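The values are calculated or read from the model by the stated rules, or taken from the named source; none is laboratory data. Bear in mind that the values here come from a model prediction, so they are computed numbers and not experimental data. A quick note on method: Cβ atoms are made from the backbone with ideal geometry, for glycine too, and the neighbour counts reach across all protein chains shown.
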Amino acid sequence: MNSLCLPLIAKREFIEWRRDGRLLIAGGLSLIVMIAAVLVNVQRQVVAEGKRRAAEVLDYDSWLKQGNRHPHDAAHQGMYVFKPSPPLALFDPGITPFSGASIWLQAHQQSELRFRPAQDATGLQRFGTLSVSWVLQVLGPLIVIIFGFNVFSGEREQGTLRQTLSLGVSTRTLLWGKALALHGVMALILLPVLIATTVAVLYASVSAAALSDTALRLLLLSVGYAAYVSMMVFAVLAVSARMPTARASLLVLLGLWFASVMLAPRIAADVAEYLDPSPSRVEFNSKMASALDAAYKRAWAKELGSEKRWGGDVPLDRWGRALQVDDHAGYTIMDQHFKRLWDTYEKQNRTQEWAGLLAPMLSLRAYSMILAGTSFYDHRLFSHAAERQRRVMQDIVSDDLVKNADAHSHTHGEQAHFTYQADARLWASVPRFSYQTPLAKEALGRSVVGFAVLLTGLALAIGAALWASAHRPE
Amino acid sequence: MPPLSTLDKLQRTLQGPGTGYLFTRVFLNEGRILLADRTLWLACGLLFLFLGYSLYVGLSQVRAREAVLQGITLRDAEKADKSITQLRRILAGHETPDPFSNPADPASVASGLGARHAVLPYLALAPLALGQSDMAPNYYRVTNRNKSTFLYDGEMDNPWNLMTGHFDTAFVVIYLLPLLILGVSYNMLSAERERGTLRLLLSHSLGIGTLLLAKTAVRALAVLTTTGATVAAVLLPERGGSLEYLFWLGMIAAYAVFWFAVAAAVNALGKASATNAFALIVVWVTLVILAPVLLNLAVSQAYPAPSRTELATRSRLITIGGLNRFADLLATDYRHVGKPQVLLPKDGKIEVAERRKAHLLIARQVDAELDTLLAAFEKQLLAQQQFIERFSLISPAAVIHEGMSALAGTGSRRYTQFTQQVSTYHMDWKAFFEVRILNGIAMTEPDFARLPKFSWLEQPATALRGQLAGYALQLLVPSLLLGLWARRRLRRYPMV
């Protein structure tokens, strides 16, 4: 009998929401904002991806058609590679506005991603970027609060709670009924968003090969967000059941929302930075420069007989070899320093992910970015791939210099080193850069912590709701 | 002055005490009540705690960054001294220079050896609003290489942390201050009515407008005193900037007045306390959370930044063009390794490698073409900024954000001006060396003293004040309108 009551209890809540305008105003507005976010982001994604693909082709073509020149001059101007935007970036742009998507591959040094979109925006960017993920993470709990803050406490004030219970409906049934109503109203708002996102992803030209991968990611994202929303529903029910009045319930819920969505992320970032401090650019560069200097000297002394780089001790007809030695000596040092830097960032991010136990939005944020392919890990993978490409280019250039420029100097005189010019055949031997975004199953492995924290939060929220409804004030 | 007639005296007695007297009485009584029921203690205590933490965060960040800037300036000076010492040793015949680090060779000094940093100083109020300072660099290492080699770099930080933002005073002011204001003022009239004390109060000659104004004033005084005193006590002794602080306090006061006006307007509607609280929360979410994001969306749609992807590729194509144009110079014999005597100056002249001349000419051409491309970015960013200054009216949070960033010197406009001034300095730097490199004029010791120095030219104080006055008006005009509307609405206020 009790389970049959559930739809009735849920229906009663829907009638209330429809009557007091919440369904239309709060639900409708949320839906409009999220659909607008999908539309804006799909348009941006299509434009940005079109430009990226065009630039990728243009950049490599210009490398191939650069004409004859000294290979080291070619390596100095290098090439740009561009990070492809994953299809689900239109749902969650993640760190992309703050990390950039282009890397300059040039001689001698490993570069970082450049051109962060946030740098080309005004300070308002810091208020947030309109995306479905932002709306769900930040405003999602508020939407649940608006619908649910008075489901128990309001009824208690009106005196209808006692009447309902006197009809023989158990507290637990009432809780599940109200939970069903809140889940229902959220589904009513979110299902059109899910459909719109799916259509947008298909429109934003997902290749057939990537379709199943993207579908899996979208499914997992839906599960994660569903767990988050569900956690909010039970948390709201717990507070509403426990608070004596609707007003108190609203104030407590808003306080919790502000603390977990507005305060906690900033405090968690400060704590993470305190536990694993990240270096300034100057500090990072100067430490790496010192280590590189020492490594270069060691390698030059060992391989070329003098630790004085680019001086008179090593004749010009060995500068091809010298470049090769220099490059290889730098690789390990750069790897070590970038690894340390990125590990620091990863540790900071992991701290914030675990902070989700107190502020669930942080775990959801990590989970969402990983599955959307816009997390720091994706940024790191791309940076690795770009650096591999740079080294391929460098090695091809250095090998050619050893083989041809040094030999050219032998035959044409030592000073003729820079008169050697390579042609299109050498440029064509540098492969076109291609980057394969990691598969969903890999992302799934990395999203376990975030998901586990979300599930823990959900279990605690359900427990709290059950306890609060059983120990509600009369 | 003629004596009062009996009729006048009677009229005075019936009228009761003047508005000023009643305002003061309500103000004092309300203050006592709020202190007694701990509402003000709690609100001001929370404000004090959050402000304290935000000041700690802001000051630590700015101290660390200023230490970086000091280190940079110090290292530049040390490097210059080292180059002069080396030059002396070379001229005295005690040392043979290397091809790429020869202080007598203008090409070496113009590039890595003499490279100087252009530094943007932090202002006194920088700890209050970190703004764009965590992304936009406050320094660039300027050489004679083209500007794409240094001007595209940003500051280094964990992107997740950048996305989250800082717990700075701007955050506390923008988000928390209005919440606390609404928290202490959502029921200024409704609570009196719900307790049945409103009729009692108004049965005297006290007007409901005076009552609401006095209640608002006591809360405003408490909130603003806490904010002003906390910031002044922590910030001013270390950073100075008293005048800027007063402007900042003025902006904060205007922002607080806006939120009190919103609370007064909602109170004037005559609804229950719970309804007031709910309505005010909706207003807060709309104006503080949603409106700035929508404004940001509007500005990025109205004035989208040109594609950086295209800029990257265009920069490279321009460089390739330069390399092709000066291919002959690049492919000349290079005597500077095998014949070290060419590295030494003779009669004020030195043989600058043709390749290095080529690099200078390529950089000149690349910069000329890049300027056009970069101008498009600057133009668009300026248009975005102007758009916000015009339309931030829709969100007081955006207005105060812009105002605080401008006062702290961490807003987009100041960073754009910095890159513009760095571009000019870069041109000066190149011009200084161009004549020496192309004509093979050796560097001398006095030349090092004459190297172009970057000195940041702050925008005129009058311009900043004009900007701030605009922001203050954007806050005060809506406040005034809300206040007038509330006053009008109070005439129909339900007493029960």
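What to note about this one:
- Search result, residues across region B:148-187 that are touching a Phe, Trp or Tyr at 6+ places or on another chain (Cβ under 8 Å), over 30 Å from B:Asp367 (Cβ atoms) and part of a loop (DSSP other than H, G, I, E, B): B:Asn158, B:Gly165, B:Phe167
- Considering (1) of a type in the set (Val, Ile, Thr); (2) more than 9 Å from every other protein chain (Cβ to nearest Cβ); (3) crowded, with 22+ Cβ neighbours inside 10 Å, the lone condition that B:Thr313 does not fulfil carries the number (2).
- Count - residues of region A:420-436 that are in contact (Cβ under 8 Å) with a residue 12 or more places away in the chain and part of a helix (DSSP H, G or I): 5
- Restricting region B:327-354 to residues that are part of a loop (DSSP other than H, G, I, E, B) and more than 10 Å from chain A (Cβ to nearest Cβ), the residue that is modelled with the highest pLDDT: B:Ile350
- Region B:130-145 - residue that is within 13 Å of another protein chain (Cβ to nearest Cβ) and in contact with a Leu (Cβ under 7 Å, 6 or more places away or on another chain) and, of those, farthest from B:Phe167 (Cα to Cα): B:Tyr140
- A:Leu191 being of a type in the set (A, V, I, L, M), assigned to a helix (DSSP H, G or I), within 32 Å of the chain's Cα centre (by Cα) and buried (at least 17 other Cβ atoms within 10 Å of the Cβ): no
- Entirely in region A:1-86, the helices (runs of 4 or more DSSP H) that have 1 or more residues that are under 30 Å from A:Glu155 (Cβ atoms) and within 10 Å of chain B (Cβ to nearest Cβ): A:28-64
- Selection count where residues are touching a residue at least 12 places away in the same chain (Cβ under 8 Å), among the aliphatic types (A, V, I, L, M) and at the interface with chain A (Cβ under 7 Å from one of its Cβ atoms), scope region B:295-309: 3
- Restricting region B:452-495 to residues that are out of contact with any helix residue (DSSP H, G or I) (no Cβ under 7 Å at 6 or more places or on another chain) and either over 26 Å from B:Ile394 (Cα atoms) or part of a loop (DSSP other than H, G, I, E, B) (or both), the residue that is modelled with the lowest pLDDT: B:Pro494
- For region B:248-255, the count of residues that are surrounded by fewer than 19 Cβ atoms within 10 Å (Cβ to Cβ), farther than 30 Å from A:Asp378 by Cα and within 18 Å of the chain's Cα centre (by Cα) is nonzero.
- When residues of region B:146-161 are limited to those that are within 9 Å of chain A (Cβ to nearest Cβ), touching an Asp or Glu at 6+ places or on another chain (Cβ under 9 Å) and at pLDDT below 90, the one farthest from A:Pro93 (Cα to Cα): B:Ser148
- Scanning region A:344-363 turns up no residue that is within 30 Å of B:Ser101 (Cβ to Cβ) and either within 10 Å of chain B (Cβ to nearest Cβ) or not in a helix (DSSP H, G or I) (or both).
- Residue within region A:90-101 that is crowded, with 24+ Cβ neighbours inside 10 Å, outside any helix (DSSP H, G or I) and more than 10 Å from every other protein chain (Cβ to nearest Cβ) present: yes
- Per the listing A:Met369, A:Met361, A:Met334, the residue uniquely out of contact with any strand residue (DSSP E or B) (no Cβ under 9 Å at 6 or more places or on another chain) and within 26 Å of A:Val282 (Cβ to Cβ) is A:Met334.
- Yes/no for B:Gly183 being surrounded by fewer than 23 Cβ atoms within 10 Å (Cβ to Cβ), within 11 Å of chain A (Cβ to nearest Cβ) and within 30 Å of B:Ala312 (Cβ to Cβ): no
- Neighbours by Cβ (under 7 Å, 6+ apart or cross-chain): first from region A:145-164, part of a helix (DSSP H, G or I); second among the β-branched types (Val, Ile, Thr): A:Ile145/A:Val236; A:Phe147/A:Val185; A:Gly148/A:Val233; A:Gly148/A:Val236; A:Ser153/A:Thr245; A:Glu157/A:Thr245
- Extreme residue, nearest to B:Trp284 (Cα to Cα), among residues of region B:370-392 that are surrounded by 17 or more Cβ atoms within 10 Å (Cβ to Cβ) and more than 11 Å from chain A (Cβ to nearest Cβ): B:Leu374
- Some residue of region A:312-333 being outside any helix (DSSP H, G or I), crowded, with 18+ Cβ neighbours inside 10 Å, within 10 Å of another protein chain (Cβ to nearest Cβ) and in contact with a Pro (Cβ under 9 Å, 6 or more places away or on another chain): yes
- Which numbered condition B:Ser111 fails, given (1) in contact with a Pro (Cβ under 9 Å, 6 or more places away or on another chain); (2) surrounded by 20 or more Cβ atoms within 10 Å (Cβ to Cβ); (3) farther than 25 Å from B:Thr410 by Cα: (1)
- From the list B:Ala104, B:Ala80, B:Ala110, the one residue that fits, being in a loop (DSSP other than H, G, I, E, B) and under 19 Å from B:Arg436 (Cα atoms), is B:Ala104.
- Considering residues of region B:91-104 that are more than 13 Å from chain A (Cβ to nearest Cβ) and surrounded by 19 or more Cβ atoms within 10 Å (Cβ to Cβ) only, the residue farthest from the chain's Cα centre (by Cα): B:Ala104
- Residues being within 13 Å of chain B (Cβ to nearest Cβ), surrounded by fewer than 17 Cβ atoms within 10 Å (Cβ to Cβ) and within 15 Å of A:Asp399 (Cα to Cα) - total across region A:410-427: 1
- Looking across region A:102-127, just one residue is modelled with pLDDT under 80, part of a strand (DSSP E or B) and either out of contact with any helix residue (DSSP H, G or I) (no Cβ under 7 Å at 6 or more places or on another chain) or facing chain B (nearest Cβ under 7 Å) (or both), and that is A:Arg114.
- Per the listing B:Pro121, B:Pro127, the residue uniquely under 27 Å from the mean Cα position of the chain (by Cα), away from chain A (no Cβ under 14 Å), more than 28 Å from B:Arg364 (Cβ to Cβ) and assigned to a helix (DSSP H, G or I) is B:Pro127.
- Selected residue (only one of A:Phe258, A:Phe234 is within 14 Å of another protein chain (Cβ to nearest Cβ) and either among the small types (Gly, Ala, Ser) or in a helix (DSSP H, G or I) (or both)): A:Phe258
- Checking A:Ala26 against (1) surrounded by fewer than 23 Cβ atoms within 10 Å (Cβ to Cβ); (2) within 24 Å of B:Leu295 (Cα to Cα); (3) touching a Pro at 6+ places or on another chain (Cβ under 8 Å), the condition it does not meet: (3)
- The residue of region B:195-221 that is surrounded by the most Cβ atoms within 10 Å (Cβ to Cβ), among those that are of a type in the set (Val, Ile, Thr) and within 38 Å of the chain's Cα centre (by Cα), is B:Thr216.
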